[in-house]
Structure formats: C-alpha cells, structure tokens
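The values are calculated or read from the model by the stated rules, or taken from the named source; none is laboratory data. A quick note: this is a predicted structure, and the numbers were derived from the prediction, not measured. For neighbour counting, all protein chains shown are included, and Cβ atoms are generated from backbone atoms with ideal geometry for every residue, glycine included. The accessibility values were calculated without ligands, DNA or RNA, using every heavy atom of the protein model including side chains. Shrake-Rupley method; radii C 1.70, N 1.55, O 1.52, S 1.80 Å.
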Amino acid sequence: MRPEDVPFLQLTFAEAREVVSELEAALDAHRRWLGRFQEMLVCRKDPGKGELREDGHLQGEFGRWYYRGANAYLKLHPLFGEVGRLHRALHKEARRLAKAVDKGKDIKPADYRRFAGAVDEFKRTLRAMFVQPREMLRYFDPLTGIANRYAMLPRLEQELERIRRTGDTGCVVMADLDRFKAVNDTHGHQAGDVVLQAAARFLQNHLRKYDQLYRYGGEEFLLLLPNTLPDQAKRIVERLRRGLARHAVPLDRGPVLKVTASFGIAELNPQETVQAAVEHADAAMYAAKQAGRNCTRLWGEGDSG
C-alpha cells in the first residue's frame, strides 16, 4: 500500500505530535539494532542469543515497542500490520546471516542481498507511517494547538459550497484580542504566549460541537459557525465575549490577567467569495475596535461597512 492510498485519519495536534515522536523513537531503535547487527557481520563477532532465536523479532527494543507499547492510533493505522510482517521477515533474514556467522561460515551474497532488501522495504514502510501525522502537524498552530490558516481556507471553501448547494446559512467571525501589544510590552512575550493559549483554549471549549476555531495570525482568531444566521451568530459571540472577559489568565511569574476581544461577524454569502466574507468580518471587527473594544459588530450594521 502506498502512503497516498492510506485513508486520512483526523488527529488533534497533541495526538499527531505524540505519534510522530513515537515513530521517531521506533525508527531510532531500529537504526541502533541495525548498526549493531552490521557490526557483528563485518567484524565477525559472536551473534547475541536474540539474533539466533526464532522469536528474535520480539527481543529487541523495536519489537518490545511494536507488540506491547504502540499507541492506539498506530495500531489502527492500515500500515501497522504490514510493518509487523516486514519486521518478522527482516529478522528471519537476519537470523539466516547470524547462524552463518555463529558457525564460522561465509555469508552468501544472495543471502545478504535478501537481508538488505528486507531492511529497505521495512524502513520504507515504517517511514510511510509518518506521512499522515506529519501532514496533520502542518494544519495546526504549534503554540495554541488549534487549526491554522492552512487548514482554514479549504474548510471555508467547503462550507461555502455547501451553502450554495443547500441554501443553508453560515457565518465567519474575526476575533482580535484587545491591547495585546501592551501584554507583551509589560509582561514579556512569554506572557503573551500564555494569553494566546488561554484565549484559544477558552474559545475552543465554549463553542458548539460543530463550530470551528482557527488561529488566523498574531492575536487574531477566526471562527466558523455553520447553519447560523447573523443574529444567531451575534448571540453566540456575545456569550463568548462576555465569558472571555471574565476569564482569568494566571501567569507563572506575575499577576493574573484578564483578556478581552473585539469580534466582527459576516455571513457567508453564496454570491461572494470566502475571501470577501473574511474581509467583511475583519472590517466589522475593526468597527468593534473603534467602538471602544470588547464588543461585537455585524458586517453592514452601523459603521461596520
């Protein structure tokens, strides 16, 4: 199975990062074993007992991880079983070479070529398991752990196409943290990171289950509210705005901060583009800033456009 044939599995940022880290550790374990085994072949050292046993694939660091320690996502991956099969086949070829060394016999070139081919196929398949979790990491903002603009634009296009097809409604919301520069200037950029993380976590935890949150850039976030009319969106956003203003953000070394945000809402118009909706939400958000911050404006309402 080619990497591009593997179904795309949705992971959170933390899950994708954990999977990549675990796979890297597994690959490192295999490299260490391979280095020791090749040294044994070249230097004609006595092979270890594990290299001669029928269950040798279970004895090494990689085998212990694969059969007893791999996480749930990896066990469900379509290539996981193939990696195990190739690992067993690789150790079968390794055992053939180890037995020759143990008996003081020469290694036949054909036997070594089979072993080298098994090594290459195993590494190629194991590396293919990296493709999806690494791709998932491209879709997330590493600071806040929420989706980024790379993930946002295709999702907005998909939602607008659904609206055009079904006649449903939907809104986008631009949120900008108020006086964020003052946080960085007064408390430092590390404090600013803590505030961004806390704001993202609050918004994510208080959205409806089908709403979506993206880090747009800097201190700006974009919310997608499917199946939502502008007036409904304003009620939802006002609830978020008030809750965020009450939310305390403690710093490791320093005071407890309060953070507010200005929100701008625009409807996804089936006659316009996604970019137009984002620009309208952005303009409405700036109208909220001009109105004194920590408030919400609809595009087309009052002085928002």
In the stretch 59-70, anything more than 19 Å from Gln38 (Cα to Cα) and either open to solvent by 30 Å² or more (accessible area, probe 1.4 Å) or in contact with a Phe, Trp or Tyr (Cβ under 6 Å, 6 or more places away or on another chain) (or both) is listed as Arg64, Trp65, Tyr67, Arg68, Gly69
Per the filter on the stretch 260-277, residues open to solvent by less than 10 Å² (accessible area, probe 1.4 Å) and either at pLDDT below 95 or of a type outside the set (A, V, I, L, M, F, W, C) (or both) are Ser262, Gly264
Expected single match for open to solvent by 60 Å² or more (accessible area, probe 1.4 Å), at negative phi and in contact with a helix residue (DSSP H, G or I) (Cβ under 9 Å, 6 or more places away or on another chain) among Val131, Val119 is Val131
Pairs returned, first residue in the stretch 201-221 that is over 15 Å from Ala281 (Cα atoms), second residue that is open to solvent by 40 Å² or more (accessible area, probe 1.4 Å), beta-carbon separation under 7 angstrom, 6 or more apart or interchain, are Phe202/His247; Gln212/Arg155
Counting only helices (runs of 4 or more DSSP H) entirely within the stretch 42-148, those with at least 1 residues that are under 23 Å from the mean Cα position of the chain (by Cα) are 72-76, 80-102, 109-128, 131-138
When the stretch 1-30 is checked residue by residue, the ones that are part of a helix (DSSP H, G or I), farther than 20 Å from Ala72 by Cα and at pLDDT below 85 are Glu4, Asp5
> Does His206 meet the test of being under 15 Å from Ala245 (Cα atoms) and either in contact with a helix residue (DSSP H, G or I) (Cβ under 7 Å, 6 or more places away or on another chain) or open to solvent by 10 Å² or more (accessible area, probe 1.4 Å) (or both)?
Replying inline: yes
(1) more than 30 Å from Tyr139 (Cα to Cα); (2) at pLDDT below 95 all hold for Trp33 apart from (2)
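For the stretch 212-254, what are the residues that are assigned to a strand (DSSP E or B) and either of a type in the set (S, T, N, Q) or within 12 Å of Thr296 (Cβ to Cβ) (or both)?
Residues of the stretch 212-254 that are assigned to a strand (DSSP E or B), as a first pass: 212-217, 220-226, 248-250.
Listed by number, the residues that qualify are Gln212, Leu223.
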Filter the stretch 78-99 for residues that are modelled with pLDDT of 95 or more and of a type in the set (A, V, I, L, M); the one that is most open to solvent (accessible area, probe 1.4 Å) is Ala89
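Table: residues versus (1) touching a residue at least 40 places away in the same chain (Cβ under 8 Å); (2) closer than 19 Å to Phe221 by Cα; (3) open to solvent by 20 Å² or more (accessible area, probe 1.4 Å).
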site	(1), (2), (3)
Arg235	no, yes, yes
Asp252	yes, no, yes
Asp282	yes, yes, yes
Glu301	no, no, yes
Among (1) buried (at least 19 other Cβ atoms within 10 Å of the Cβ); (2) in a loop (DSSP other than H, G, I, E, B); (3) of a type outside the set (Phe, Trp, Tyr), Val173 falls short only on (2)
